[in-house]
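The values are calculated or read from the model by the stated rules, or taken from the named source; none is laboratory data. Because the structure is predicted, anything quoted here is derived from the model rather than measured. Note: ideal-geometry Cβ built from the backbone for every residue, glycine included; neighbour counts use all protein chains shown.
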Amino acid sequence: MRSVDLRLEPVEEILARAESALQVQLDRATLVRKRRSIGAVTTRGTWVRIERRPWAKVDGQGWNGTQSAASLHGIAKPQWYAGLTWRDSAEPAVWQVDETALLPCQPIGTAVLAEAPQLPDAWWKAFNASLDALAGSRTTRVATPDTETLTVGGITGAISAAFGVAVEADFGPWAPAHADLNWANMTGPEFCLFDWEDWGNAPRGLDAASLWAASLAVPELAKKVREERHEDLSGRDGKLMLLFALSKFAGPGAHPDDPRVAPGREEAARLLRQLDGV
């Protein structure tokens, strides 16, 4: 199957189908195009997000993350209103449309930040309360970070491939996680967490480790994340999740211009030494 990037593909037919089904108009001037999703503000003051997911990635939960997240409580997230799903008639793919409330303010930045955002104490309080409420929820879903279903073998395999060391993973109970926690999926100065398509059960620390890894180019920000989510990251599960997050950009295939690579490799070496004593 060919690789599809919605930033480059014609999407007018898809937008028109979503408009017709939801009985709404999309403001083309607000259109945001990403690799596998597009979104826009509607004429009734809501947000419509459209995602394309390959059929091979649809395993029973691949299209309803935003809908199922509507059942979660105690989390600052956009309210979900309506959804629509159809199978592509020409290619093995599924289109998912979700209409939600607008975000309270702008996303903090790109997924990986180059400078620290100015976030008030109230933001960190809401951030912690939401992650704690999420972890205390219940679901049968399994997290799919980067659209890949999370498994113990996948975690240990990624760590071993990146750092050349075999690790044992005897994880404690898994709990719900957002599974795509980065600075592009949160708003500020008012906290709101969005893009819920990959959420599900994961080892403790997945979300905190992901955000910490996305902050490594800004040492004071990475330190702040680790301090705020210390309980998630201080145990063996948390350290393994930190290594798993680092494996995505600090391994042999690291991009030479990524400012997180050098500190990430230093952190990986430190974590591997610590794991022997955890």
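Summary table
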| item | result |
| --- | --- |
| Residue that is within 16 Å of residue 15 (Cβ to Cβ), part of a loop (DSSP other than H, G, I, E, B) and not assigned by TED's automatic domain parsing to the domain that holds residue 145, where the choices are 35, 49, 44 | 44 |
| Lone qualifier among 264, 188, 235 - being at pLDDT 95 or above and under 19 Å from the mean Cα position of the chain (by Cα) | 188 |
| Helices (runs of 4 or more DSSP H) lying entirely in the stretch 174-278 (those with 3 or more residues that are under 28 Å from residue 100 (Cα atoms)) | 206-213 |
| Qualifying positions in the stretch 243-278 - under 12 Å from residue 163 (Cβ atoms) and crowded, with 22+ Cβ neighbours inside 10 Å | 243, 244, 246, 250, 264 |
| Which listed residue is in a loop (DSSP other than H, G, I, E, B), in contact with a strand residue (DSSP E or B) (Cβ under 8 Å, 6 or more places away or on another chain) and not aromatic (Phe, Trp, Tyr), from 6, 15, 84 | 6 |
| Which numbered condition residue 124 fails, given (1) at pLDDT 95 or above; (2) surrounded by 14 or more Cβ atoms within 10 Å (Cβ to Cβ); (3) in a loop (DSSP other than H, G, I, E, B) | (3) |
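Residues are listed down the side, and each one gets a yes or a no for (1) over 27 Å from residue 57 (Cβ atoms); (2) out of contact with any Ser or Thr (no Cβ under 8 Å at 6 or more places or on another chain); (3) free of Cβ contacts under 8 Å to residues at least 60 places away in the same chain; (4) among the acidic types (Asp, Glu):
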position	(1), (2), (3), (4)
120	yes, yes, no, no
132	yes, yes, yes, yes
178	no, yes, yes, no
188	yes, yes, no, no
